[in-house]
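Below is one structure, written out as structure tokens; the observations come after it.
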Amino acid sequence: MAQIFCIANQKGGVGKTTTTVNLAAGLAKIGQRVLLVDLDPQGNATMGSGVDKRAMELSVYDVLLESATVAEAAVIPEKLKEAGAPYAVLGANRELAGAEVELVAEERRERRLKDALAQVSSEYDFVLIDCPPSLSMLTLNGLCAAQGVVVPMQCEYFALEGLADLTNTIKQVHANLNRDLRLIGLLRVMFDPRITLQQQVSDQLKSHYGSKVFDTVIPRNVRLAEAPSYGLPGLVFDPSAKGSQAFLAFAKEMVARGLQG
Ligand code: ADP
Ligand code: MG
């Protein structure tokens, strides 16, 4: 049975996609069978895994509309195989933005992804869902399909406030749609220990959320930001970079923790 995680935060640009692709690569490197699901119509996780979002024949859009299965639509990019970090990608592109409207009148519209993933559950150890920066029908599909939520966050001034909104959303989905859903952990990303404010927010996080804060901290690292333009996760593009090493450590922490929050 695959463990299914949403990488979510309603803010944009906080490191969701970077976390998803690098965690996928890290898990693959240590022998886990991984499926990455891109639920963001921007398709950044798709491109950042080496899949051309414009050339895809089938995508998560077809899966949500039930015109394709996950097995038919997911691909393992060659470059990831060559690098020893092979994970499968169920990609997204702009077409996905239309799914929102097309699903409105459909039955079980927020459970489409859950139903589709149930068919491949025995084929993967981890399914990682990269969510868009909103609480849309797409994100709801992600939260309905998952058992755990991983929240990447920058240690900035309003971080705690934004977190309250997200934890409320998780509570509501838990109460109304998905009894299995729980917050697994908060991942500090783009961290710069020289910045006093970041240290302070990090300390606040730990005092509020305790063990829900992952031990691993992802530093700000330019190699992680450069990698997407090569169509690779940072961890594959430059495995020795500090940020890559941190994501490998995070992958190990995720294997050790699993769904225990
Ligand atoms: P989101 O998916 O939440 O919108 P991204 O993962 O796309 O966020 O990250 C936003 C930007 O920050 C991207 O340009 C990305 O390359 C960069 N970035 C993310 N994490 C790091 C990091 N640890 N160090 C440096 N740059 C980062
Ligand atoms: Mg993103």
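Based on this model, can you work out whether Arg94 counts as of a type outside the set (A, V, I, L, M, F, W, C), farther than 17 Å from Thr20 by Cβ and out of contact with any helix residue (DSSP H, G or I) (no Cβ under 8 Å at 6 or more places or on another chain)? Full working, then the answer.
On the way: of a type outside the set (A, V, I, L, M, F, W, C): yes; farther than 17 Å from Thr20 by Cβ: yes; out of contact with any helix residue (DSSP H, G or I) (no Cβ under 8 Å at 6 or more places or on another chain): yes.
Yes; evaluated as a whole, the condition is true for this residue.
I'd like the full set of residues that are in contact (Cβ under 8 Å) with a residue 60 or more places away in the chain and in a loop (DSSP other than H, G, I, E, B), limited to segment 231-259.
Within segment 231-259, Gly231, Leu232, Pro233, Gly258, Leu259 meet the criteria.
Taking segment 145-200 as the search range and keeping residues that are among the β-branched types (Val, Ile, Thr) and in a helix (DSSP H, G or I), which one is nearest to Leu64 (Cα to Cα)?
Taking segment 145-200 and keeping what is among the β-branched types (Val, Ile, Thr), we get 149-151, 167, 169-170, 173, 184, 189, 195-196.
Now restrict to residues that are in a helix (DSSP H, G or I): 167, 169-170, 173, 196.
Numbers: Thr167: 26, Thr169: 22, Ile170: 22, Val173: 19, Thr196: 44 Å.
So the residue we want is Val173.
Report yes if some residue within segment 109-121 is within 16 Å of ligand 1 (Cβ to nearest atom) and not in a loop (DSSP other than H, G, I, E, B); otherwise report no. Even if it seems obvious, please write down each step before you answer.
As a first pass, look at segment 109-121 and keep what is within 16 Å of ligand 1 (Cβ to nearest atom): none.
Taking every residue of segment 109-121 in turn, none turns out to be within 16 Å of ligand 1 (Cβ to nearest atom) and not in a loop (DSSP other than H, G, I, E, B).
When you go through (1) under 30 Å from Gln199 (Cα atoms); (2) in contact with a Pro (Cβ under 9 Å, 6 or more places away or on another chain); (3) not in a loop (DSSP other than H, G, I, E, B) one by one for Thr139, which number turns out not to apply?
Here Thr139 meets the rest and fails (1).
Please enumerate the residues belonging to segment 128-137 that are of a type in the set (A, V, I, L, M) and at pLDDT 95 or above. Talk me through it step by step, then tell me what you get.
In the first step, residues of segment 128-137 are kept if they are of a type in the set (A, V, I, L, M); the result is 128-129, 135, 137.
Hits for segment 128-137 are Leu128, Ile129.
Quick one: is Val63 crowded, with 21+ Cβ neighbours inside 10 Å, modelled with pLDDT of 95 or more and within 16 Å of ligand 2 (Cβ to nearest atom)?
Against the criterion (crowded, with 21+ Cβ neighbours inside 10 Å, modelled with pLDDT of 95 or more and within 16 Å of ligand 2 (Cβ to nearest atom)), Val63 does not qualify.
The values are calculated or read from the model by the stated rules, or taken from the named source; none is laboratory data. All of these numbers come straight from a predicted model, not from anything done at the bench. Every residue, glycine as well, gets a Cβ built from its backbone with ideal geometry; the counts of neighbours run over all protein chains shown.
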